[in-house]
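Trainee: Just passing along the structure, written as structure tokens.
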Amino acid sequence: MKEDSPLQAVLGIGDELRLLANRLDELGRNREQKAFRPVAEISDAIHHSRKDQGLTLRGLAALAEISVATLQKIENGDLSISVKILHRTANALGLSLWIG
């Protein structure tokens, strides 16, 4: 266990500082994880909608006017999707796009 600095020992705040630092670190990690969740959800939604409609990657890419490589990266969650490409892809899938 790490020893408190003389100032922390005198003030008796060593444990409180460690608890606060750990909590802030945890909150930061949770915020980062939540930031990526929508990207994964969008990727999954595009992939499942494409499959449900019987479209190939090449077919949807052509309808959305994007490259097959870009669509693959989006579906795999390796590329964040711009609003412009999201709009094109949603239209190609016959889906409504609501951003709120």
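Just so you know, all these numbers are worked out from the coordinates, no wet-lab data involved. What you are looking at is a predicted structure, and each value in this text was computed from that prediction instead of being measured. Note: ideal-geometry Cβ built from the backbone for every residue, glycine included; neighbour counts use all protein chains shown.
Trainee: When a footprinting reagent is the concern and you count Cβ atoms within 10 Å, what order do K51, K73, K84 take, fewest first? Before the final figure, lay out the partial values.
Mentor: Details: K51 12, K73 15, K84 9.
With the sparsest Cβ surroundings first, the list reads K84, K51, K73.
Trainee: Any idea how far apart S96 and K51 come out in nm if each label point goes 7 Å out from Cα toward Cβ?
Mentor: Here the modelled spin labels are 2.6 nm apart.
Trainee: Given the Cα-Cα distance of E65 and V83 and 0.36 nm per residue of separation, how much length would full extension add, in nm?
Mentor: Details: separation 18, 0.36 × 18 = 6.48 nm, distance 1.39 nm.
Between E65 and V83, full extension yields an extra 5.1 nm.
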